[in-house]
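Below: one structure, written as structure tokens.
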Protein chains: 4
Amino acid sequence: MRAVVFENKERVAVKEVNAPRLQHPLDALVRVHLAGICGSDLHLYHGKIPVLPGSVLGHEFVGQVEAVGEGIQDLQPGDWVVGPFHIACGTCPYCRRHQYNLCERGGVYGYGPMFGNLQGAQAEILRVPFSNVNLRKLPPNLSPERAIFAGDILSTAYGGLIQGQLRPGDSVAVIGAGPVGLMAIEVAQVLGASKILAIDRIPERLERAASLGAIPINAEQENPVRRVRSETNDEGPDLVLEAVGGAATLSLALEMVRPGGRVSAVGVDNAPSFPFPLASGLVKDLTFRIGLANVHLYIDAVLALLASGRLQPERIVSHYLPLEEAPRGYELFDRKEALKVLLVVRG
Amino acid sequence: MRAVVFENKERVAVKEVNAPRLQHPLDALVRVHLAGICGSDLHLYHGKIPVLPGSVLGHEFVGQVEAVGEGIQDLQPGDWVVGPFHIACGTCPYCRRHQYNLCERGGVYGYGPMFGNLQGAQAEILRVPFSNVNLRKLPPNLSPERAIFAGDILSTAYGGLIQGQLRPGDSVAVIGAGPVGLMAIEVAQVLGASKILAIDRIPERLERAASLGAIPINAEQENPVRRVRSETNDEGPDLVLEAVGGAATLSLALEMVRPGGRVSAVGVDNAPSFPFPLASGLVKDLTFRIGLANVHLYIDAVLALLASGRLQPERIVSHYLPLEEAPRGYELFDRKEALKVLLVVRG
Amino acid sequence: MRAVVFENKERVAVKEVNAPRLQHPLDALVRVHLAGICGSDLHLYHGKIPVLPGSVLGHEFVGQVEAVGEGIQDLQPGDWVVGPFHIACGTCPYCRRHQYNLCERGGVYGYGPMFGNLQGAQAEILRVPFSNVNLRKLPPNLSPERAIFAGDILSTAYGGLIQGQLRPGDSVAVIGAGPVGLMAIEVAQVLGASKILAIDRIPERLERAASLGAIPINAEQENPVRRVRSETNDEGPDLVLEAVGGAATLSLALEMVRPGGRVSAVGVDNAPSFPFPLASGLVKDLTFRIGLANVHLYIDAVLALLASGRLQPERIVSHYLPLEEAPRGYELFDRKEALKVLLVVRG
Amino acid sequence: MRAVVFENKERVAVKEVNAPRLQHPLDALVRVHLAGICGSDLHLYHGKIPVLPGSVLGHEFVGQVEAVGEGIQDLQPGDWVVGPFHIACGTCPYCRRHQYNLCERGGVYGYGPMFGNLQGAQAEILRVPFSNVNLRKLPPNLSPERAIFAGDILSTAYGGLIQGQLRPGDSVAVIGAGPVGLMAIEVAQVLGASKILAIDRIPERLERAASLGAIPINAEQENPVRRVRSETNDEGPDLVLEAVGGAATLSLALEMVRPGGRVSAVGVDNAPSFPFPLASGLVKDLTFRIGLANVHLYIDAVLALLASGRLQPERIVSHYLPLEEAPRGYELFDRKEALKVLLVVRG
């Protein structure tokens, strides 16, 4: 089959590779229709996370069931499906606590040996282990273009806001108006935020944030803490979603949030630590959460909201490219010339 | 001062009455600008709830502080304020549990001797007891026409949905598309419902429900249970808000809701009981809540959502009438020729 | 193999029947060591719930894994296991909502054709479908005698209290001090109840309730509503757990609970309906939940509390009988001469 | 009146000072019977938190109402009362959110100009501002010796565990077995912890922790992370309560907690910051909360548990001293020769 493979730092190619087969009674094979290029794929692309040359990349997908193992009862060949970017087994102690993102048998598709050594989704066929847990049928009338977002960045944003305990009427600041941040703005509306403040340094992103209903704040041009306070009765927002990663923006988030507020960090960074404010934090009363998204927990609610049109994340897609043009897709996205690239594997 | 007084069954008049005075250090006097006529005022109007002739009616208001007792620190004369339709003391065991609607010293403005014997709000000046607890300043830029809804029907709808545990992505059925039901449709959008089904028998109400984003279902023309099921994957909605009152619609709600779903009843009725399904309820797994609204608990979130424009309940106002035309306002509303009447006490 | 089979109304026998086999990749076979006789088994015994003659009875068990299907990774032959009295598939829409008690493929072991037509557990070998979902390994040092309670009545009581939203410091009334009621008293202590009131009519049960820390109230001898009020600052308890079933005790529960309180019904009854108080309920503000237990959701917490000795439900066992004496066990239990019977299938 | 006053670093004295008077309609005067010496009083004693010489110290008290302002309806002279160590106004935006510990008009009794400049409680009479919010009547049969703990360290421990989202069945590690840590052990039992691990370096404290049901771990003698893991299925505890303060123990807490677990910090320290693990935290999925206790939110539940005898914190009192011996009490407590000192102001 054809698939996007890693060759070398900043070089990917579309090659012929062996198609996967069913290996376990709970496996499914999915014929991929659309596969996304995600911001976290760039960590591999730049060689920051190790992956062997020849490995198939990608973890965002939507497609149709091709075959299922004999332990699977809910899926039939031909069903349209989407799934979380990471897998879970459904039965380990973490899965039983519904903390699927901590599954002892977990892994991320196409993300190298540190993440379960799973085949990637930018390919004609994807093997999905524990497919009883890791696939969802598309509700009627939900287009694949929209549904694919449920598997990763939209649910990441959704989970980040829910785990930051977003309550109706809250004011929310989103630090970083990239794909995840834009998703968060859209989700925050649906979850009942009364005011959304978007902080970034790139004018185009801020324009898009504004078009989704956020108040844009350009941190190049004004002090974001001061501006955010003035927009929130001089208190600071109830919740800050940090969608960049790194010590500087986390410190900004903790400074900006109102006393008694919450900071939820979903941005990915390799910094070993950052200085958490202690004496001031004690007086201020802070709740801080950091973690990868627990997509399995939220994907059904997200799919319901997508099917009804309350969430329309496909609006951020800037490029639909045929699978064969994946190398160009990576380049465009890496140079920030594309906001979101979807690869059309099968038209 | 001028005020709307009850005279006799189906007769109200605008008369000169004694203006109230501060009686307790926590009292405030409010100069009323707008006062609403509420569906529950009609219970008095029709003589179903006793009230002495000459009593001032009304419990929906927005206005400006005229004077405060010496125990009040947060309010100044001139402040624009709104308050819940019922009062709470803030310190009894129920208030300390934040169940303000059960306050041991509670009462409803202008609702007769069974409800605390408080002066009504359809008057030039309203005395507000425990004004530290029972008034909220309007956020900047919030118009009185919009703010008045926070004190009663909007917060009733909001509380009914929250206490029915509305979760993002849920499907919601609203039985009754009168003023409270229409508020509930608007609120359900803001709280993240994926699908809203409105059930009524009056085409105009259903049209309005549809214009707010609900799927209208005319119970005269089709079986509402069957239709609701077909709109919700043959399951039934996750949550049913009953906004009519009475045994028939409550039974409908419990029949309609999906297994494991929730029914929240906010409609007011005098029926002593209704037959709760027992054997089928046990298998179906039902959660049922019935109660008057706990407005104090939700009013700040509601005001934030009003101030940001996410809720625009003033769209349902059909008539702004001068105070002197209150009798006509009651008649129009009673004959269902008005959807919502606001009395302009002070222009 | 040997098993307890239903013969006729009020007649069970121990007979030789065909041993079950693995039928599906997710099945497991369990060699049963202990099997309980449950209050709900008496519904079959008395012919109130239909079951074919020759069917194997029972749904409470603890034992060791004998064999597993090829889709099972977490279980090995020899593992000690316990499981909920009802099965769930783990993947249907209800299971994905974690409402396992509403599973579309659900059923109760040994409970006849209306409940999934599954083989019962009072047998040497039990086939467990979807054993990835329906079995739990015993934590180290947890005895089978104690562990068996996690699968049914203890988790039923636990779930009834949790779903009744028991909060630390609450006062709790338990109506019915039979096995489930006694479990509830023990659980309520662990969940932080400040005061537990046990209502029954049988002195021996009330003595046992008192020995577990409850205040016993004999409804034959005093007015339970009045007594409960006087024990709770003249308010009524925060939560009432109804563990009898039937219109009379449900009405009592709704009358007894304090305004703004909660009633959770776990008692099983065939009455079609009961009169729910409407006008008074609206003023009182009631939350009412009725449903079968969602054991899967609570069993891991329950097992942790059993393993640490915080829950010691085996104290209510009155009789350990060999499997061959099952007929006598049913008789003793039916005549209320036994409080709890465990059948020793394999010593 | 007689009162304990700060004189100089490590010197307090009992002196005659002016008795307070009612200043506001919501004030109350309390005749103090017992006043505690708290660990946080030592910060003043050592000059780490500024307080003017001659200021009255102390913030733990129980006593009887002496007089109330004219705005107070719930209290009568002679009522036995206890109150939180800090005050709240009940009406500012933070109080309306029920975040009383962040009250805009807040302050700590006897804690100097940085904390509201309020008179202390180690005195014959205490003025309580906003006494409608800041006092609670003792339930019948609750002794003053037990009740005094509701106002500070017991509710601090309770709040720390609740805000750390302690769930029934959880394993809990408590770092620091001083007075707050010991309270936390007692509370964790009542909240349903399945296992409690107490970490300290002082054998006497660990013995006492063990007597309350915790597993004692001496960090001098063994690696606490390794030991805690081995006690929790090699995972780490679900919740860590940090009751020491400071970077070292906070880092230990974050290292020790299981993936997906929670750390709640209630220990007070002046360190400006500590290094929060970032890359590992993201993978581990951490929730971290730091803040002063929100006593007002929990005190009613705590009082109910004290009244019923489920909590018996007075067991940790090592010394009851007459007010005149307060200087000796401070010395004993500072030298850790006393575990808890209560000053008997009025016998």
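For chain A, the relative contact order works out to 18 percent when only alpha carbon pairs closer than 8 Å and six or more residues apart are counted.
Rounded to the nearest Hz, the phi-derived 3J(HN,Hα) couplings of the stretch B:317-325 under the Karplus curve 6.51 cos²θ - 1.76 cosθ + 1.60 (θ = phi - 60°) are 5, 9, 9, 9, 10, x, 3, 4, 9, where x marks glycine and proline. All other residues whose Cβ lies under 11 angstrom from that of A:D238 are scored, Lys and Arg at +1 and Asp and Glu at -1, for a net of +3. Net charge dipole, the protein assembly as shown: roughly 0 debye, given to the nearest 20, about the Cα centre with Cβ charges of +1 for Lys and Arg and -1 for Asp and Glu. The heavy atoms of B:T91 offer some 20 square angstrom of accessible surface to a 1.4 angstrom probe. A DSSP coil position with no more than 10 other Cβ atoms inside 10 Å describes none of the GluC sites (Glu not before Pro) in the stretch C:157-218. Of the residues D:R201, D:R136, D:R226, which exhibits the maximal mean-square fluctuation in a Gaussian network model of chain D defined by a 10 Å Cα contact cut-off? Result for chain D, Cα springs under 10 Å: D:R226 fluctuates most. With only Cα atoms counted, the protein assembly as shown has Rg and Dmax values of 32.1, 92 Å.
Taking a Cβ cut-off of under 12 Å around C:H59, the surrounding Lys, Arg, Asp and Glu residues balance to a net charge of -3, with basic ones at +1 and acidic ones at -1. Residues of the stretch D:154-176 that lose at least 30 Å² of accessible area (1.4 Å probe, protein heavy atoms only) when the other protein chains are present, relative to their chain alone, are D:P168, D:G169. Label-to-label distances for C:P140 across copies, nearest first, come out at 5.0, 5.4, 6.2 nm, using points 7 Å from Cα in the beta-carbon direction. Distances between placed amide hydrogens fall under 5 Å for C:I125 paired with C:V32, all partners being 5 or more residues away or on another chain.
Note on the stretch B:14-150: with charges restricted to the Cβ of Lys and Arg (+1) and Asp and Glu (-1), its dipole about the Cα centre is near 300 debye. I'd like the distance between the alpha-carbon centres of the stretch B:82-152 and the stretch D:324-347, rounded to an integer number of Å. Cα centroid of the stretch B:82-152 versus Cα centroid of the stretch D:324-347: 48 Å apart.
Shielding of peptide D:287-296 by partners, expressed as the average count of other chain Cβ atoms within 10 Å per residue Cβ, is 5.
With all protein chains in place and ligands, DNA and RNA left out, the 1.4 Å accessible area ranks C:Y320, D:Y158 as C:Y320, D:Y158, largest first. Among the residues of C:17-26, the average count of other protein chain beta-carbon atoms within 10 Å of the residue beta-carbon is 2. Computed from point charges on the beta carbon alone (+1 for Lys and Arg, -1 for Asp and Glu), the dipole magnitude for the stretch C:154-290 about its Cα centre is near 180 Debye. Over all other residues within a Cβ to Cβ distance under 12 Å of C:I37, the charged ones net out to -4, with Lys and Arg as +1 and Asp and Glu as -1. Averaged per residue, chain B has 34 square angstrom of accessible surface, using a 1.4 angstrom probe with ligands and nucleic acids left out.
Normalised by the number of residues in the stretch A:234-347, the mean separation of alpha-carbon contacts (under 8 Å, six or more apart) gives a relative contact order of 19 percent.
Of all lysines in the structure, the ones whose alpha carbon falls short of 29 Å from that of C:K340, not counting any fewer than 8 places away in one chain, are B:K284, C:K9, C:K15, C:K48, C:K137, C:K195, D:K195. Here is how far apart the A:P50 label points are across copies: 5.6, 6.5, 8.6 nm, shortest first, using a point 7 Å from Cα toward Cβ. Normalised by the number of residues in the stretch D:154-290, the mean separation of alpha-carbon contacts (under 8 Å, six or more apart) gives a relative contact order of 23 percent. Taking D:L278, D:L52, D:L42 in turn, the Gaussian network model of chain D (Cα-Cα springs below 10 Å) assigns the largest fluctuation to D:L278.
Within 10 Å of the Cβ of each residue in C:94-101, the mean number of Cβ atoms contributed by other protein chains is 4. Heavy-atom accessible area for A:K9, with the other protein chains in place and a 1.4 Å probe, reaches approximately 130 Å². For chain A, with all protein chains in place and a probe radius of 1.4 Å, 48% of the accessible heavy-atom surface sits on carbon or sulfur.
Label point of A:E255 (7 Å along Cα→beta-carbon): distances to the other copies' equivalent points are 3.0, 6.2, 6.5 nm, sorted ascending. Report the A-D buried area as the accessible area lost on both sides summed, probe 1.4 Å, in Å² to the nearest 100. Result for this pair: about 3200 Å² buried.
What's the angle, to the nearest 10 degrees (0 to 90), between helix A:153-163's Cα axis and the longest principal axis of chain A? With rounding to tens, the tilt is 50 degrees. Between the C-alpha center of the stretch B:22-46 and that of the stretch A:1-18 there is a gap of 73 Å. For B:E324, B:E242, B:E7, the ranking by accessible surface with the largest value first comes to B:E324, B:E7, B:E242, using a 1.4 Å probe. Going by Cα centres, the stretch B:156-178 and the stretch C:204-269 are how many Å apart? When both Cα centres are located, 31 Å separates them.
Taking all protein chains together and rolling a 1.4 Å probe, D:K284 ends up with roughly 40 Å² accessible.
Of all DSSP beta bridges confined to chain D, the antiparallel ones make up roughly 55%.
Once you've got the GNM for chain D with C-alpha springs shorter than 10 Å, pick whichever of D:D285, D:D334, D:D152 has the biggest mean-square fluctuation. Fluctuation is largest for D:D285. Estimated from helical segments only, the mean residue ellipticity of chain A at 222 nm is -7500 deg cm²/dmol, where each DSSP H run of four or more residues counts as -39500 (n - 2.57). Scanning chain C for the Cβ atom closest to the axis that brings C onto D yields residue and whole-Å distance C:G192, 3.
Here the protein assembly as shown carries DSSP beta bridges of which approximately 60% are antiparallel, counting only pairs with both residues inside.
The values are calculated or read from the model by the stated rules, or taken from the named source; none is laboratory data. The structure displayed is predicted, hence computed values, not measured ones. In this analysis, Cβ positions are derived from the backbone assuming ideal geometry, glycine residues included, and neighbour counts consider all displayed protein chains. When the accessible area is computed, the model is the full protein with side chains, heavy atoms only, and any ligands, DNA or RNA have been set aside. Shrake-Rupley method; radii C 1.70, N 1.55, O 1.52, S 1.80 Å.
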